[in-house]
Amino acid sequence: MNKKSILVLFCEGKHDSNFISIILESMGYNTFKEPIDQLPSCFSYISEKVKTLNPEVFSMGQLSADRFLYPFPWIFEKEKTIIALYRLDGLNKITDANKKIILKDKHIELLVSKGIKKEFFSDSIRSIEYSTIRELWGKLMTEVGEISKEYEDIIRNYAPRREIYETIELILRKEKDTFYPANFNTPVNFAFIVDADEEGIDKRVNSIRASYKQYFTGIDLNLQAYKPLKLSDKRNIGLFVITKEKDTNGDLEDLVISIINKKGEFSKLLNNADKFVTENEDDFSEGSKITFYPKKSKIGVAGQMRCSGEDLGTILRRSGFIDPLHGSFKDNSTIIRIKSFINEMFT
C-alpha cells in the first residue's frame with residue numbers, strides 16, 4: 001500500500017472510544033473497510049491470528065463485530081494517515097507491567113456464569129499469578145494437565161488480561177522485523193487519551209510514564225501531557241488528559257455534560273435526569289454489584305429518552321446529544337485541543 005503515517009491511540013473504554021471516533025470522523029477520518037491484508041505490516045498480527053481461525057476473507061468491520069480477536073483496533077484512515085483506536089477498558093489496565101494478576105472472585109463468578117463449573121477453580125487455580133494470557137495458559141496447563149477447548153474459549157474471552165502490553169510488543173516487533181522499502185520510513189506513533197478523574201493530571205502522567213517506560217525509552221523523564229514527545233527512534237509518544245474546563249480534575253462525562261448543556265433543546269432533559277438520579281441515588285445505588293457513577297447515570301437516564309435500551313456508547317452516537325456540526329461540539333475548547341493533539345502526533 002502507499003506510504004502511511006500511523007498513530008496507535010489508546011483510550012479507556014467503550015463509550016470513550018465511541019466519543020473519540022466521533023471526533024475522528026469530524027476530522028475527515030473514515031472507517032477502514034479494506035481487507036485485512038491491506039493494513040500496514042505492523043498490524044500483521046491481526047491477519048496472522050485470523051489465519052489460525054481459517055475464515056473466509058474478512059473485512060475489518062466483520063472482525064470488529066465478531067469480537068473473536070482481542071485486542072482489536074477500530075481503524076480509521078484519511079488520505080495518507082491511519083489511526084488504530086484501541087480501548088483499555090478502564091484505567092485498571094494502566095498498571096506497572098511487572099505487576100501480577102490473579103483470578104479474583106468477581107472474575108471467577110463471571111466465568112462460572114459463562115459455563116465453567118465452579119469445581120474448576122480450586123485454591124491453586126485461584127492463586128495463579130500471571131501477567132500475559134500466554135503465561136496464564138502455561139500455568140493452567142501445568143496445574144490441571146489439559147483444558148477443554150470449550151473452557152479455553154470461555155477463559156480467553158472473559159478472563160482479565162494484559163492485552164495492552166502484548167499489543168504494543170506485537171506492533172513494535174512487527175515494525176522492527178519488517179523490511180521497509182526505501183520510501184517507507186514511518187515509525188508507528190503511540191498516544192493515550194485518559195481521564196484525570198479525581199487524581200489529577202500529574203498522577204495520570206506519572207502512571208503512563210511508569211507503565212510504559214520499558215517500551216519507550218525516555219518517557220519516564222520527559223513525557224508531558226498534551227505535548228507529543230519525539231523519541232530517539234523518530235516516533236512520537238503522547239498523552240492527552242481530559243479534565244473539566246479550566247481544572248486539573250475531571251473526566252469524559254464532564255466534557256459530554258458541558259456539550260449537552262450548550263444544546264438548548266437537551267439541557268432541560270439533562271437537568272431533569274440529574275434531578276432524578278440525585279433524588280434516587282441513596283435509595284438505589286447501595287448494594288449494586290456494579291460501581292455507581294452518578295455522571296454516567298445522568299447521561300444514561302437522559303439518553304434513554306432518545307435511545308431506549310441502548311448503552312452509553314450508542315447514546316453518544318445516536319441520541320443527537322453530540323453533533324459535530326453544532327457549536328456546542330465544534331467550538332468546545334477541549335474538542336479543539338484534542339483535534340490539535342491528534343494532528344500534532346503525526347508531525
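With the Cα gyration tensor of segment 262-347 giving a ≥ b ≥ c as the square roots of its eigenvalues, does the rule (a/c under 1.5 for rounded; else a/b larger than b/c for prolate; else oblate) give rounded, prolate or oblate?
The shape class here is prolate.
Using the basic label-point model (7 angstrom from Cα toward the beta carbon), what is the Ser285 to Glu48 distance in nanometres?
That separation, rounded to one decimal, is 4.6 nm.
May I ask you to derive the FRET efficiency for Ile102 and Asp153 from their Cβ-Cβ distance with R0 = 30 Å, giving the value to the nearest 0.05?
0.90
So what's segment 217-308 giving for Cα Rg divided by 2.2 N^0.38 Å, two decimals?
With N residues counted in segment 217-308, Rg over 2.2 N^0.38 Å equals 1.53.
Taking the Cβ-Cβ separation of Asp37 and Asp311 as r and a Förster radius of 45 Å, what is the calculated FRET efficiency to the nearest 0.05?
0.90
What is the calculated FRET efficiency for Leu110 to Lys295, with r their C-beta to C-beta distance and R₀ = 25 Å, to the nearest 0.05?
Working from the Cβ atoms, E equals 0.50.
Using the C-alpha gyration tensor of segment 105-158, what are the square roots of 5 times its eigenvalues, in whole angstrom, with the largest one first?
15, 13, 12
Label points 7 Å out from Cα along the Cβ direction at Arg318 and Asp247: separation in nm?
3.1
Considering only Cα-Cα distances, which of the following residue pairs are longer than 23 Å: Lys244/Lys268; Lys49/Lys117; Lys244/Lys296; Lys139/Lys213?
Cα-Cα > 23 Å for Lys49/Lys117; Lys139/Lys213; rest within.
Can you compute the modelled spin-label distance between Leu221 and Glu199, with each label point 7 Å from Cα toward Cβ, in nm?
So the label points at Leu221 and Glu199 sit 2.4 nm apart.
Going through the cross-link list Lys203/Lys330; Lys114/Lys149; Lys80/Lys339; Lys227/Lys263, which pairs have a Cα-Cα distance over 24 Å in this structure?
Lys203/Lys330; Lys227/Lys263
Which far-off residues, 5 or more places away or on another chain, put their amide H under 5 Å from the one on Gly13, with H placed in the peptide plane?
Correct list: Leu88, Asp89, Gly90.
None of the figures in this text is laboratory data; all of them are computed from the coordinates on show. These numbers were taken from a predicted model, which means no experiment stands behind them. With ideal geometry, Cβ positions are generated from the backbone for all residues, glycine too; neighbour counts draw on all protein chains shown.
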